[in-house]
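Reading through the structure tokens given below for one structure.
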Amino acid sequence: LGNADARGAFQAFSLFVKAKEVPAASRCPGGGEGVRWRCCRQAFEELPGIHRHVALHHSGDVGRQAGLGAGPAEAADSAARPSGHSCGSPEISWTLPDTSHVSQEDLTSIILFFLNIHFLFAYLCHAVGSQMGDVLLYYCYCEVRDPEKLCAWQKALCQHLHLTGKVRVASEGINGTVGGSKVATSLYIKVMLSQPLFKNILCQEDFKSSAGGAHCFPDLRVGVFKEIVPMGIDPKIVSYKETGIHLSPQEFHREVEQYLSQATQGQSDTILLDCRNFYESKIGHFQGCLAPDIRKFSYFPSYVDENLELFKDKRVLMYCTGGIRCERGSAYLRSKAVCREVYQLKGGIHKYLEEFPDGFYRGKLFVFDDRYAICSNEDIISACRYCGVLWDQYKLCSSQHCRQLVLTCPSCCNKGLTACCPVCQEKELKVTSRASGQILKEECECTRRRPRVPIEHVSPRMLDAGK
């Protein structure tokens, strides 16, 4: 990033923030500062808050003003590995890496830049395609005798390396996505591979890496859960050990190619099943897939139960972001004994796109961090909720009581259309709070109207045609 570009970016960022200031006459009359900035129907009292909001949600606007191009919504993520089986559960090593030879600047992914605008620095690095840091996504199924001990070690390791993200630990294994500098994430992988608990199960290829850093997550969350991916079924009842047949990206590509060819001739006996949530498949999916209109993965078992006839005597090709949901999802589908065969994409969409960026997957890949999506091709397959123009960059609903994602283009945003539905649009200035000040997550029109478990009304002809 040249000095002129940097100055232009800082100027554009500063002007954007300045434009969001609340006039002094409209602030708290009692002498306190009160609300100092408003943007996207949200109020900000502190400078870091408005900086973070602008860097994460208006990078495209700032980038266009500065002439730098795309912002942080176009980065990368996703996770997982196919299952690894363990006969025993080795003792957990408490080893932490030696970082005495590493400078603090190399270990931390975000350098504080002039005052409090480190979020702008994160944005600038994205805008020019910089590799300032990485986001890792991985999972490992294995028997863990002491999940609490593994959890404590993970927390200490991540804090030692200045990593942020989310790590789920259970008696069935570990599932994590963490962000940090390249040095820190490299050390993290090295230590994870040397951990006796994961020996001969976890390997280098199981870590999916994408451009990002510690700024992609608000904090570090490490906890013990019953499942490392929340399907809502006891792992003892439906185990990852009963998973479907794993296909490499090359094998899966050939299967999809054959499926699409047969489907156009009305001869297919295969279902290409997307087992992600509706808001994920909305912005990107495989051509000819069946994408369930479900809001949570915990609804997937009920979806299968309500649509068993759909899968009867079919070959099912399953896929998800990184592979972990397919581990349990394929096991559940196989437990119903209605499918002829069940296959799953090893490494998920993330690994497929590494080898086939212009393959049969079109659109963006949704990720569960502040980037929301990563891009591998130029296709935009979704539209603005309000005007219908092609658009695939999610924002949070502007109503503070709602946490739904909304696709709203810049033009509609400028008109104040920033909520996920009319109900939220009306409520956004009437925030419902508890006595403690915690905001309630009320049900909005989007969730109330959506069937919890949709029943597919798909004819054999439509399935054969790959629609």
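The values are calculated or read from the model by the stated rules, or taken from the named source; none is laboratory data. Keep in mind it's a predicted model, so treat the numbers as computed, not measured. Glycine also receives a Cβ, built like all others from the backbone with ideal geometry; neighbour counts cover every protein chain displayed. Each accessible area value is taken on the protein alone, full model and side chains, heavy atoms only, with ligands, DNA and RNA left out. Shrake-Rupley method; radii C 1.70, N 1.55, O 1.52, S 1.80 Å.
With +1 on each Lys and Arg Cβ and -1 on each Asp and Glu Cβ, and nothing else charged, work out how big the dipole of the range 242-318 is about its Cα centre, in Debye to the nearest 20.
Details: 8 positive and 12 negative charges, 44 e Å.
Using Cβ point charges on Lys, Arg, Asp and Glu, the range 242-318 gives about 220 debye.
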For Leu290, the residues 5 or more places away or on another chain with a placed amide H closer than 5 Å to its own amide H are Leu272, Leu273, Asp274
May I ask you to give the percent of accessible area on the range 342-417 that is carbon plus sulfur, with a probe radius of 1.4 Å? 50 percent
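Between Cys203 and Ile455, what FRET efficiency follows from the Cβ-Cβ distance if R0 is 51 Å, with the result rounded to 0.05?
Working: r = 41 Å, r/R0 = 0.80.
Efficiency, from the Cβ-Cβ distance: 0.80.
May I ask you to give the solvent-accessible area per residue for the range 132-224, in square angstrom, as obtained with a 1.4 angstrom probe?
Working: 3170 Å² over 93 residues.
Per residue, the range 132-224 has 34 Å² of solvent-accessible surface.
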Give the peptides 324-330, 182-188 in descending order of average Cβ contacts within 10 Å, highest first. 324-330, 182-188
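Expected output is a single nm value to one decimal: the length gained when fully extending between Glu251 and Glu143, i.e. 0.36 nm times separation in residues minus the C-alpha distance. What is it?
Values: separation 108, 0.36 × 108 = 38.88 nm, distance 2.92 nm.
My answer for the length gained is 36.0 nm.
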So for the range 217-329, taking the charge dipole from beta-carbon charges (+1 Lys/Arg, -1 Asp/Glu), which of Ile271, Ile324, Phe252 sits furthest toward the positive end? Ile324
For the range 265-373, what relative contact order do you get, as a whole percent, if you take Cα pairs closer than 8 Å and at least 6 residues apart? 30 percent
Each label point is 7 Å from the Cα along the Cα-to-Cβ direction; what then is the distance between the points at Ile237 and Ala43, in nm? 4.6 nm
The range 132-224 - charge dipole about Cα centre, Lys and Arg +1 at Cβ, Asp and Glu -1, debye rounded to 20: 140 debye
Rounded to the nearest 0.05, what FRET efficiency do Thr264 and Ser302 have when you use their Cβ-Cβ distance and R0 = 45 Å? 0.90
Label-to-label distance, nm, for residues given as Gln287 and Val224 (7 Å Cα→Cβ offset): 4.9 nm
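In Å², and per residue, what accessible area does the range 245-382 have when probed at 1.4 Å with the other protein chains present? Walk me through the numbers before you get to the answer.
Values: 4900 Å² over 138 residues.
With all protein chains present, the range 245-382 gives 36 Å² per residue.
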Among the listed pairs Lys149/Lys226; Lys149/Lys208; Lys149/Lys296; Lys149/Lys182; Lys190/Lys364; Lys208/Lys351, those beyond 19 Å (Cα-Cα): Lys149/Lys208; Lys149/Lys296; Lys149/Lys182; Lys190/Lys364
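Note the full-extension length gain between Cys387 and Arg340 as 0.36 nm times their separation in residues minus their Cα-Cα distance, in nm to one decimal. Walk me through the numbers before you get to the answer.
Numbers: separation 47, 0.36 × 47 = 16.92 nm, distance 4.33 nm.
Full-extension gain reported as 12.6 nm.
Carbon and sulfur together cover what percent of the accessible area of the range 136-289 at a 1.4 Å probe radius?
Details: 2940 of 5950 Å².
Of all accessible area on the range 136-289, carbon and sulfur atoms account for 49 percent.
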Plugging the Cβ-Cβ distance of Ala19 and Lys415 into 1/(1 + (r/R0)^6) at R0 = 22 Å yields, to the nearest 0.05, a FRET efficiency of 0.85
Would you kindly state how much longer the chain becomes between Glu354 and Leu96 on full extension, computed as 0.36 nm times their sequence separation minus their alpha carbon distance, in nm to one decimal? 89.8 nm
